[in-house]
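Single-structure report; data block below.
The values are calculated or read from the model by the stated rules, or taken from the named source; none is laboratory data. A quick note: this is a predicted structure, and the numbers were derived from the prediction, not measured. Every residue, glycine as well, gets a Cβ built from its backbone with ideal geometry; the counts of neighbours run over all protein chains shown.
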Amino acid sequence: MSTSSTDHRTFVIVGGGLAAATAAATLREEGFDGRLVLLAAERHLPYERPPLSKGYLAGEATLADATVHPADFYETHGVELRLGTPATALDVDAHTVTAGDETITYDRLLLATGSSARRLPLADDSGAPVAYLRTIDDAERIAAALRERARLVVVGGGWIGLEVAAAARAAGCDVVVVEPLEEPLLRVLGPQVGHAFAQLHRRHGVDVRTGTSVEDITTAGAPGVALVRLGDGTTVEADLVLVGIGAVPSTTLAEKAGLKVDDGVMVDEHLRSSHPDVVVAGDIARAHHPLLGQHVRVEHWDTALGQGAAAARTMLGTGEPYERLPYFFTDQYELGMEYVGYVDRDGFDELVVRGDLDGVYLAFWVRQGRVLAAMHTGDWDAMDDLRAVVRAGAVDLDRLRDPQVPLGDVLG
């Protein structure tokens, strides 16, 4: 990048994940040649999180594969990358952000501080071997345990818990998954599809315990072994307890700065916060979605990628409303899945399934005659049609229920 600049503004990005790195690249691609500073709390190059629970733990990828850009990208593109330098104070009126012993004056600022693993004090205070999966360092520790064929108790049957369970079984580990609800992923996918995921794991040798909770964790047994007592009265031994009970948006900086926060930083459809010169992207953004008609916060790779680029354009004054539908994917054993759409707390009143829930199928979540979300397992050619159905919302449900009718013919 040329050292001469015609733009005398300073843009600061706070965060070291996919949204932050994508925003930096987009700003340069869109022609911004002013000063650009990226403050990353971790000492690693900005990286993507999906490989940590998927390819890396399965031994199919290296941690370097998770890096968004190579190290020389930042120097080549004139990005002042400050690793291991978390932002500690933000003054939105003065337009300053403090990190370490430096206070930087900015013209526009992007907050992309992500989220942190929700803690389980009962586990943290037990003295037992406990792990969370949120960072590269977490992934390295868990991968080392899997190589030793550790016995694993997974607390929580969400995406992280199930993906780690799949990787652990592939490594030959004994795995127990403890989920207090009646099925894994119940709040996300409902009972039928949640049960299908439970059965998938049981077929691969995972001991899936649903409808019970962890009551106590001690180290009263052999050294380095956790004794996990469950609500059903049983006790399970583990060499490692993996806690996967969700994530908490990292909004402390925003709250102290006086930005509007409610389970994330509240932003409009352009990702602007309550202060117009501060935009927000990724896990912490609770963004107004034009198509969904409500504020949503999505903790997935695709949203971080899309919002990172959209936030950069908003900083430049060229952005359009961010209206990409929420999307996520998972890989567990032989199953690959993609999901698009959003089911809010009001839930759904019908699940339409095309295919076999034990194999390849399409699923559609419907409320009051409108399709809210859709997913496939193993039908990779279906994704464009699934997006179209969800974006349309109102479709011919009789045709949708008939697996002989092509999806393109249900739109009316």
Considering only residues of the range 18-55 that are among the small types (Gly, Ala, Ser) and in contact with a Lys or Arg (Cβ under 7 Å, 6 or more places away or on another chain), which is farthest from Leu316 (Cα to Cα)?
Ala40
Going through the range 318-344 one residue at a time, which ones are within 25 Å of His69 (Cα to Cα), part of a loop (DSSP other than H, G, I, E, B) and not hydroxyl-bearing (Ser, Thr, Tyr)?
Gly319, Arg324, Pro326
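Being assigned to a loop (DSSP other than H, G, I, E, B) and free of Cβ contacts under 8 Å to residues at least 40 places away in the same chain is true for just one of Asp7, Asp33. Which residue is that? Before the answer, list the steps.
Working: Asp33 fails: free of Cβ contacts under 8 Å to residues at least 40 places away in the same chain.
Unique residue meeting the criteria: Asp7.
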Exclusive hit being in a helix (DSSP H, G or I) and closer than 24 Å to Ala166 by Cβ, set Leu386, Leu351
Leu386
Identify, please: which residue in the range 190-199 is buried (at least 20 other Cβ atoms within 10 Å of the Cβ) and in contact with a strand residue (DSSP E or B) (Cβ under 7 Å, 6 or more places away or on another chain) and is, among those, nearest to Phe364 (Cα to Cα)?
Val193
Filter result for the condition that a residue is over 20 Å from Gly172 (Cα atoms) and either basic (Lys, Arg) or assigned to a strand (DSSP E or B) (or both), over Val228, Val236:
Val228
Which one of these is touching a strand residue (DSSP E or B) at 6+ places or on another chain (Cβ under 9 Å), assigned to a helix (DSSP H, G or I) and surrounded by fewer than 16 Cβ atoms within 10 Å (Cβ to Cβ): Arg169, Arg187, Arg202?
Arg202
Expected output for the range 322-333 (first residue at positive phi and touching a residue at least 24 places away in the same chain (Cβ under 8 Å), partner buried (at least 21 other Cβ atoms within 10 Å of the Cβ) and small (Gly, Ala, Ser), Cβ below 8 Å, 6+ apart or cross-chain) is Tyr333/Ala166
What is the residue count in the range 38-69 for residues that are free of Cβ contacts under 8 Å to residues at least 24 places away in the same chain and over 18 Å from the mean Cα position of the chain (by Cα)?
4
Given (1) touching a strand residue (DSSP E or B) at 6+ places or on another chain (Cβ under 7 Å); (2) at pLDDT 95 or above; (3) farther than 28 Å from His275 by Cα, number of the condition Gly378 does not satisfy:
(2)
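Listed here are the residues, each with its yes/no results for (1) part of a strand (DSSP E or B); (2) touching a Cys at 6+ places or on another chain (Cβ under 6 Å); (3) surrounded by 20 or more Cβ atoms within 10 Å (Cβ to Cβ).
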| residue | (1), (2), (3) |
| --- | --- |
| Leu27 | no, no, yes |
| Leu38 | yes, no, yes |
| Leu45 | no, no, yes |
| Gly59 | no, no, no |
| Tyr74 | no, no, yes |
